[in-house]
Amino acid sequence: MGKVTVKVRIENMGDLHDADHGRIASSDVRGLEIPDALVDTGATGLHVPKTQLAMLGLKQLRSRIALTAAGEREVRVFGPVRLTIEGRNCPMDISELPDGCPTLIGQIPLEAMDFVVDPKNQKIIGNPAHGGVEMIEIYTLLAES
């Protein structure tokens, strides 16, 4: 697979909530536009370099051990944020990368927004199994109301 990059928007979910309730102006919602986030299906979540992450004003939730190419490392996890890609969005926690690393979009956000990687055309696409339309899968019978 070649290199796949996407434009993403990451917004502070607490700020979005405050804007929805009139406590702050929508123009005061802290967010980032990243034009070239790297899609990395070997990563699990959403991972952003430290300096960019600091611009979001998020609370640290915990630390976790991450498996990296350099071995196990402790990373700080913040959140929540709203991640938006190509008009689809999902809430996510976000982990901190060292500055100099690219923003990484891993498998969990891709699945949450029903995207798959099209390696031939080096882009993400709506899941063809769902006709390209954003869908969730629930494999249990739901009782009728």
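Starting from the Cα of K59, step 7 Å toward the Cβ, then list every residue of the range 15-35 with an amide N under 16 Å from that point.
Label zone hits: 15-19.
With springs only between Cα atoms under 10 Å, which of M92, M135, M13 fluctuates most in a Gaussian network model of the chain?
M135
Between Y139 and R88, 0.36 nm times their residue separation minus their Cα-Cα distance comes to what? Can you show the working numbers first?
On the way: separation 51, 0.36 × 51 = 18.36 nm, distance 2.23 nm.
Length gained, Y139 through R88: 16.1 nm.
Between (1) 1.00; (2) 1.12; (3) 1.07, which entry matches Cα Rg over 2.2 N^0.38 Å as derived from the coordinates of this structure?
Label of the calculated value: (2).
Name the most mobile residue of G71, G126, G79, meaning the one with the largest mean-square fluctuation, in a Gaussian network model of the chain with Cα contacts below 10 Å.
G71
Name the residue farthest towards the positive end of the dipole of the chain from the options A19, V8, Q52, assuming +1 on Cβ of Lys and Arg, -1 on Cβ of Asp and Glu, about the Cα centre.
Q52
Taking the chain as a Gaussian network, where each spring joins two C-alpha atoms under 10 Å apart, which residue of D114, D15, D99 fluctuates the most?
D99
To make sure I understand the rule: partners must be lysines, Cα under 27 Å from the Cα of K3, and not fewer than 8 residues away in the same chain. Which ones qualify?
K3 reaches K50, K120, K123.
By how many nm would the segment from L67 to E111 grow when fully extended, if each residue of separation counts as 0.36 nm and the alpha-carbon distance is taken off?
Working: separation 44, 0.36 × 44 = 15.84 nm, distance 2.04 nm.
Once the chain is fully extended between L67 and E111, it gains 13.8 nm.
What is the spin-label model distance, in nm, from N121 to T51 if the labels are put 7 Å beyond Cα along the C-beta direction?
About 3.5 nm, to one decimal.
I need the trypsin sites (Lys or Arg not before Pro) found in the range 11-59, filtered to DSSP loop residues with at most 12 other beta carbons within 10 Å of theirs.
On the way: sites: R23, R30, K50, K59; in loops: R23, R30.
The qualifying sites are R23.
Within the range 60-145, list the GluC sites (Glu not before Pro) lying in a DSSP loop whose Cβ has at most 13 other Cβ atoms in a 10 Å radius. Mind dumping the intermediate values first?
Details: sites: E72, E74, E86, E96, E111, E134, E137, E144; in loops: E86, E134, E137, E144.
Qualifying residues, ordered by number: E137, E144.
Only the coordinates and a few stated rules stand behind these numbers; no lab work does. Everything numeric here is computed off the predicted structure, so don't read it as measured data. Glycine also receives a Cβ, built like all others from the backbone with ideal geometry; neighbour counts cover every protein chain displayed.
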